Amino acid sequence: MKKGKLVILSAPSGTGKTSICKELLKRNKKWEFSVSATTREKRKGEIDGKDYIFMSLKEFEHKENFGEFLEWEFVHGNRYATPIDPLEKALEDNNIMLLDIDVKGSMNIIEEFGENVISIFIEPPGFDKEEKVQILMERLQKRDNSETLIKQRLKRFDTEMSYKEKFEFHFINDNFTKTTDKIEKKIKEKMK
């Protein structure tokens with residue numbers, strides 16, 4: 001039986017899942033990160049092969065046609081995918097691999113790898129939908145996103161939140177350090 005684990009972190013855009021992933025990897029040097037492929041433009045400071053595997057639509061479609069992706073999604077006008085080989089290698093090598101992916105992609109990973117998955121849903125703080133959306137809007141504005149892109153991302157909020165109960169664990173990111181601590185503790189508990 002494989003002892004490695006695929007740890008999915010999924011959340012509405014702007015909730016902080018990418019920052020939490022980066023912090024978990026900083027704290028746990030042996031953990032790996034599943035680098036997604038994407039057709040979107042590289043953001044300032046991003047490194048090809050580390051943050052994402054940036055590729056043209058033609059290259060993406062070629063890899064998709066040859067079955068190199070476990071799942072792919074069309075998100076905010078761009079395509080994103082999870083390459084299969086690194087996931088299988090992490091499980092074979094008994095490693096922990098973090099995946100920072102959207103809710104629909106998460107469902108594909110859970111379906112394919114079942115017991116080898118720890119699924120975590122992170123939601124923004126706030127007492128109700130309006131407050132949560134307002135907090136996300138403020139976070140996305142700090143990222144220098146255009147108003148159009150922010151509206152696109154917030155349009156998916158209801159859909160993303162509707163998947164929450166399909167995840168094994170739920171956390172509210174109301175304090176970055178405390179939330180990261182709780183997630184790290186939960187992963188380590190599940191590895192025992």
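The values are calculated or read from the model by the stated rules, or taken from the named source; none is laboratory data. None of these values were measured; they are calculated from a predicted model. All Cβ positions, even for glycine, are placed from backbone atoms using ideal geometry, and neighbour counts span all protein chains on display. Accessible surface areas use protein heavy atoms only, side chains included; no ligands, DNA or RNA. Shrake-Rupley method; radii C 1.70, N 1.55, O 1.52, S 1.80 Å.
Residues of region 80-105 being assigned to a helix (DSSP H, G or I), closer than 14 Å to residue 35 by Cα, modelled with pLDDT of 90 or more and open to solvent by less than 20 Å² (accessible area, probe 1.4 Å), which ones? Lay out the reasoning, then the answer.
To start, the set of residues in region 80-105 that are assigned to a helix (DSSP H, G or I) comprises 84-92, 103-105.
Add one more test, that the residue is closer than 14 Å to residue 35 by Cα, and what stays is 84-90, 105.
Now drop any that are not modelled with pLDDT of 90 or more, which leaves 84-90.
Matches in region 80-105: 87, 90.
Name the pairs: first residue in region 43-68 and within 28 Å of residue 19 (Cα to Cα), second residue open to solvent by 60 Å² or more (accessible area, probe 1.4 Å) and assigned to a helix (DSSP H, G or I), Cβ to Cβ under 8 Å, at least 6 apart or on different chains?
Final answer for the pair search is 68/85.
Give the residues of region 106-131 that are open to solvent by less than 40 Å² (accessible area, probe 1.4 Å), touching a residue at least 60 places away in the same chain (Cβ under 8 Å) and part of a helix (DSSP H, G or I), sorted by residue number.
106, 109, 113, 116 - these are the residues of region 106-131 that are open to solvent by less than 40 Å² (accessible area, probe 1.4 Å), touching a residue at least 60 places away in the same chain (Cβ under 8 Å) and part of a helix (DSSP H, G or I).
Report whether or not residue 31 is of a type in the set (Phe, Trp, Tyr), modelled with pLDDT under 90 and surrounded by 15 or more Cβ atoms within 10 Å (Cβ to Cβ).
Details: of a type in the set (Phe, Trp, Tyr): yes; modelled with pLDDT under 90: no; surrounded by 15 or more Cβ atoms within 10 Å (Cβ to Cβ): yes.
So residue 31 fails the test.
Can you tell me which of (1) within 23 Å of residue 166 (Cβ to Cβ); (2) small (Gly, Ala, Ser); (3) open to solvent by 50 Å² or more (accessible area, probe 1.4 Å) is the one residue 45 doesn't meet?
The one condition residue 45 does not meet is (1).
Kindly evaluate residue 68 against the criterion of being within 20 Å of residue 119 (Cβ to Cβ), in contact with a Pro (Cβ under 8 Å, 6 or more places away or on another chain) and open to solvent by 40 Å² or more (accessible area, probe 1.4 Å). Give the steps one after another, and end with the answer.
Details: within 20 Å of residue 119 (Cβ to Cβ): no; in contact with a Pro (Cβ under 8 Å, 6 or more places away or on another chain): yes; open to solvent by 40 Å² or more (accessible area, probe 1.4 Å): yes.
For residue 68, the condition - within 20 Å of residue 119 (Cβ to Cβ), in contact with a Pro (Cβ under 8 Å, 6 or more places away or on another chain) and open to solvent by 40 Å² or more (accessible area, probe 1.4 Å) - is not met.
What are the residues in region 5-38 that are touching a Gly at 6+ places or on another chain (Cβ under 9 Å), polar (S, T, N, Q) and outside any strand (DSSP E or B), if any?
Step one: of region 5-38, the residues touching a Gly at 6+ places or on another chain (Cβ under 9 Å) are 8, 10, 35-36.
Add one more test, that the residue is polar (S, T, N, Q), and what stays is 10, 36.
Residue satisfying the conditions is 36 alone.
Sort out which residues of region 45-69 are at pLDDT below 90 and in a strand (DSSP E or B), and write them in order of number.
None - no residue of region 45-69 is at pLDDT below 90 and in a strand (DSSP E or B), so the list stays empty.
Filter region 3-14 for residues that are closer than 15 Å to residue 99 by Cβ, more than 10 Å from the chain's Cα centre (by Cα) and open to solvent by less than 30 Å² (accessible area, probe 1.4 Å) and give the result. Please lay out each step first, then the result.
Step one: list which residues in region 3-14 are closer than 15 Å to residue 99 by Cβ, which gives 4-11.
Next, from what is left, pick out any that are more than 10 Å from the chain's Cα centre (by Cα): 4-6.
If the condition is that a residue be closer than 15 Å to residue 99 by Cβ, more than 10 Å from the chain's Cα centre (by Cα) and open to solvent by less than 30 Å² (accessible area, probe 1.4 Å), then 4, 6 are the ones that fit.
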